[in-house]
Structure formats: structure tokens, C-alpha cells
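All of the numbers you see were taken from the coordinates with simple rules; none came from a lab. Remember, predicted model here, so these are calculated numbers, not experimental data. Cβ placement follows ideal geometry from the backbone for every residue including glycine, while neighbour counts extend to all protein chains displayed.
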Amino acid sequence: MEENQSYEAKIEAAKLILTELNKSDLPLDKATALFKEGKKLLSEATKLLDDAKLAYEETQNSND
């Protein structure tokens with residue numbers, strides 16, 4: 001996965017991984033790799049969201 005994807009792209013990619021993980025014929029090694037990738041994407045998306053929240057709060061505080 002590309003490191004500097006947007007928040008929305010990371011969430012969409014994680015949804016696609018979840019769809020794959022819900023398939024009953026998925027081999028364990030592929031499921032494990034997909035799970036790790038999905039977890040990484042969600043962690044990166046959370047960081048992007050936290051950074052955006054912090055930037056918003058800093059902007060609000062500087063306007064006071």
C-alpha cells in the first residue's frame with residue numbers, strides 16, 4: 001500500500017480487505033497477511049484523523 005494515501009483511500013482499501021477476509025475459502029497464510037495489512041491501514045487512517053483533529057484544534061485555539 002502507498003504510504004501517503006488519503007484517509008478515504010485507506011478506509012476503502014481496508015473495506016476491500018474485510019470483504020476478502022469474509023470469504024470462507026481464503027487460505028490461512030493469505031488471511032493472516034490481509035489481516036496485518038488491514039490493521040496497518042486502519043492504524044495509518046487513525047493517525048491521519050488524529051493529525052487532522054489536532055490541526056483543527058490548533059486553528060481554533062489560535063483564533064481565540
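Here is how the numbers come out for the structure above:
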read-out: Cα lying deepest toward the dipole's positive end in the chain, options 32, 7, 62, charges on Cβ; value: 32
read-out: Most mobile listed residue (28, 16, 48) in the chain, GNM with C-alpha springs under 10 Å; value: 28
read-out: Fewest-first ranking of 10, 40, 23, using other Cβ atoms within 10 Å as the exposure measure; value: 23, 40, 10
read-out: Per-residue Cβ neighbour rank within 10 angstrom, fewest leading, 11, 17; value: 11, 17
read-out: Rounded tilt (10° steps) of 28-62 against the dominant C-alpha axis of the chain; value: 10 degrees
read-out: Stokes-Einstein D (µm²/s) once Rh is taken as the Kirkwood radius of the range 1-51 over alpha-carbon pairs, at 4 °C in 1.567 mPa s; value: 115 µm²/s
read-out: Rounded tilt (10° steps) of 7-21 against the dominant C-alpha axis of the chain; value: 20 degrees
read-out: In nm, spacing of pseudo-spin labels at residue 60 and residue 16 (7 Å Cα→C-beta vector); value: 3.4 nm
